[in-house]
Amino acid sequence: MAGTMSSIAIKGRAESSRPWPTPWAWLLLPGSIFLVVLFVVPLTGLLLLAFGMPSWTLANFSRVADTPVYLTVMRNTLEISVTVTAIAFVLSYPIAYALTTGGVALRTFLLIGIVLPYFTSTLARTFAWIVLLGRNGVVNQFLLELGWVSQPVPMLYNRFGVILGMTHIVMPMMILPMYTVMSSIDPKLLRAARANGASPLAAFLTIFLPLSLPGLIAGVLLVFIYCLGFYITPALMGGLSDVMITMAISSQILEQLNWNFGAALSVVLLGAVLTILWIGSRFFPIEQLLGFSDGKLASTVARRQMGAKMLMRIGSAANALDRWLPSMGGRSVPILASFLAVLLLLPVLIVAYLSFSASSYFVFPLPGYSLRNYEAFFFDTLWVRATFTSMRIALMAVGMATALGAMLAFGLSRGAMPGRGAMVALLLSPIIMPTVVVAIATYFLLARLGLQGTEFGLALGHAVHAIPYVVVIVVANLRDLNPSYERAARSLGAGPLATFRTIVAPLVMPALIVASFFAFLASFDDVVYVLFLGIGKITTLPMRMWEGIRQDISPTIAAVATLQMLIATIVILVGTLLRRQKNT
């Protein structure tokens, strides 16, 4: 994503001297209007509501600052976000390193361990941890069987459970930016360091680690921002003493109907995220992910920060230390990374295993195998109705996101216009801003239009969230498109329209199909938008799961979560097959 958007930014600077938009740039207009109306305007309205418009006041913000319970909520949010980010960083770095330096078999296994959980819905993964950590969950049953404990250990509805569940969910988000930067590091630099007498540890600390800092810092920033706006996992796995700001916002909007104060809390969260993004854009490579630089500047800054003298001292100390460390023949990092990848996969695999239980409640190991949970899903009217509702909404969202996203991608890739950087920032903002804040802001707009609680209104919200995924995927495809094909067609007498229809459209079609699948998945798995825009009138499949998990953890939910994981797996396989087809 970073490379794709960076190329857009570079091209944009090169062509920004043109005074008027080129014909391709006009394709940006429909999608831009859509995002301004359904993203920028709602956030502006949220800001005005927080200030008590039309009678301007700071009373809501004063209440946030003066009420001890909200200061505690802020402290909880900060403590949990910092802890989760730190643990995710420590656990993710070895995986990203092994993914970059390992062999084909290890890389394939690690990619499965990262990608499958990443595309499995947050709700399904949170449900997996509830099943594992509950009083009668798999972990407690295992500990009791081994005799290590005499009574179940409380691991759920407390901070331990929240941090564990959130860390598992954000680790793929930490790994992917790290891997993107690490994979661009030239291995010849490490070999040169070793040839000059550096130990493996010294070569890593003085060469690889400084060069990987941009991806490291970008991953930390993105995960920390995501944790600040995390809602599903803290709401389902946390206790009363672990309330985060998103839960307080939800309570004010949905339960106490205090929209002004809920809007003020949302603005506080939004301000925190924007502040972190601004700081990151000043010193760290977050702007690389947003498309404002080509990445070389960030790498240079990172290297300068470390300093040549400091690196020399670190290298000398590492050479001395390396003599005392036990050697595992270079297998320690691959072993650790493989173990962590197994831990990433384990929760979703255990839930899939439990979904075939013959028991009416969760028992580990299974007393017998049965399809009763799947039968309960397919023959339950409420589950089936919720599934069809999810599919209708997702298809509407896919139609809007794919059409508008494709036009935006062509406009960005082939058009030239002033203010391209601002356009890129606008396109990526819906997936960077906290989902809770965007959903609440959209709700206030839809309420004025009479579209709250309607499937079309919900599809509009999902389309806003899905458009960035479509743009990123299609832009990546257009960037890799060989221009000689089009030049050959034009030299043979084909006009622009014929060239587009016979050359460009067939080559871009696989990317559009994959982008549509991703947009479908983003809508089909959503809970937060349904919670705020559905206002109890719409029950989608994830919403039915959400209600089921909060009321009674039924084994039927394990079957539903497994089916969601199956859909995610199909999306991954289809994307892989289409990419291979394109390459051949």
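The values are calculated or read from the model by the stated rules, or taken from the named source; none is laboratory data. Keep in mind that this is a model prediction, so the values were computed, not measured. With ideal geometry, Cβ positions are generated from the backbone for all residues, glycine too; neighbour counts draw on all protein chains shown. Each accessible area value is taken on the protein alone, full model and side chains, heavy atoms only, with ligands, DNA and RNA left out. Shrake-Rupley method; radii C 1.70, N 1.55, O 1.52, S 1.80 Å.
Below, the figures for the structure above:
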quantity	calculated
Residues (open to solvent by less than 60 Å² (accessible area, probe 1.4 Å) and free of Cβ contacts under 8 Å to residues at least 60 places away in the same chain) located in segment 365-398	366, 368, 370, 384
Selection within segment 437-457 - part of a helix (DSSP H, G or I), open to solvent by 40 Å² or more (accessible area, probe 1.4 Å) and closer than 11 Å to residue 533 by Cβ	455, 456
So residue 479, is it over 25 Å from residue 446 (Cα atoms), in contact with a Gly (Cβ under 9 Å, 6 or more places away or on another chain) and not polar (S, T, N, Q)	yes
Some residue of segment 98-117 being at pLDDT 90 or above and part of a helix (DSSP H, G or I)	yes
Residue satisfying all of: in segment 74-95; buried (at least 23 other Cβ atoms within 10 Å of the Cβ) and of a type in the set (A, V, I, L, M, F, W, C); nearest to residue 229 (Cα to Cα) among these	84
Among the candidates 61, 51, residue that is farther than 26 Å from residue 224 by Cα and either surrounded by fewer than 15 Cβ atoms within 10 Å (Cβ to Cβ) or not β-branched (Val, Ile, Thr) (or both)	51
Residue identified as modelled with pLDDT under 80, open to solvent by less than 10 Å² (accessible area, probe 1.4 Å) and in a helix (DSSP H, G or I) among 172, 214, 234	214
Segment 22-45 residues that are assigned to a helix (DSSP H, G or I), paired with ones that are among the aromatic types (Phe, Trp, Tyr) (beta carbon under 7 Å, 6 or more apart)	24/410; 27/410; 42/444; 45/444
Of the criteria (1) in a helix (DSSP H, G or I); (2) among the aliphatic types (A, V, I, L, M); (3) more than 24 Å from residue 117 (Cβ to Cβ), which one residue 577 fails	(3)
Cβ pairs under 9 Å, 6+ apart, first in segment 223-242 and free of Cβ contacts under 8 Å to residues at least 40 places away in the same chain, second outside any helix (DSSP H, G or I) and surrounded by fewer than 21 Cβ atoms within 10 Å (Cβ to Cβ)	240/157
Neighbours by Cβ (under 7 Å, 6+ apart or cross-chain): first from segment 78-97, under 19 Å from residue 434 (Cα atoms) and touching a residue at least 40 places away in the same chain (Cβ under 8 Å); second among the aromatic types (Phe, Trp, Tyr) and open to solvent by less than 50 Å² (accessible area, probe 1.4 Å)	81/224; 85/224
Spans of helices (runs of 4 or more DSSP H) in segment 458-561 with at least 1 residues open to solvent by 20 Å² or more (accessible area, probe 1.4 Å) and touching a helix residue (DSSP H, G or I) at 6+ places or on another chain (Cβ under 6 Å)	483-491, 505-524, 541-551
Residues within segment 420-433 that are open to solvent by less than 20 Å² (accessible area, probe 1.4 Å) and either in contact with a His (Cβ under 7 Å, 6 or more places away or on another chain) or under 16 Å from residue 27 (Cα atoms) (or both), tallied	4
Cβ pairs under 6 Å, 6+ apart, first in segment 414-439 and under 15 Å from residue 471 (Cβ atoms), second open to solvent by 30 Å² or more (accessible area, probe 1.4 Å) and modelled with pLDDT under 80	421/292
Residues (among the aromatic types (Phe, Trp, Tyr) and farther than 23 Å from residue 572 by Cβ) located in segment 120-148	142, 148
Any hit, segment 127-147, residues being within 30 Å of residue 98 (Cβ to Cβ), open to solvent by less than 10 Å² (accessible area, probe 1.4 Å) and touching an Asp or Glu at 6+ places or on another chain (Cβ under 7 Å)	no
Of the criteria (1) within 29 Å of the chain's Cα centre (by Cα); (2) over 30 Å from residue 551 (Cβ atoms); (3) crowded, with 21+ Cβ neighbours inside 10 Å, which one residue 202 fails	(1)
Residues of segment 546-556 that turn out to be modelled with pLDDT under 85 and more than 12 Å from residue 357 (Cβ to Cβ), as a count	6
All positions within segment 246-257 that are surrounded by fewer than 19 Cβ atoms within 10 Å (Cβ to Cβ) and at pLDDT below 85	254, 255, 256, 257
Single residue of segment 148-168 satisfying the filter (in a helix (DSSP H, G or I) and β-branched (Val, Ile, Thr)) that is surrounded by the most Cβ atoms within 10 Å (Cβ to Cβ)	162
Looking only at segment 407-419, and only at residues there that are part of a helix (DSSP H, G or I) and either surrounded by fewer than 24 Cβ atoms within 10 Å (Cβ to Cβ) or of a type in the set (Lys, Arg) (or both), the one that is modelled with the highest pLDDT	407
Unmet criterion (only one of (1) over 24 Å from the mean Cα position of the chain (by Cα); (2) farther than 22 Å from residue 386 by Cα) for residue 456	(2)
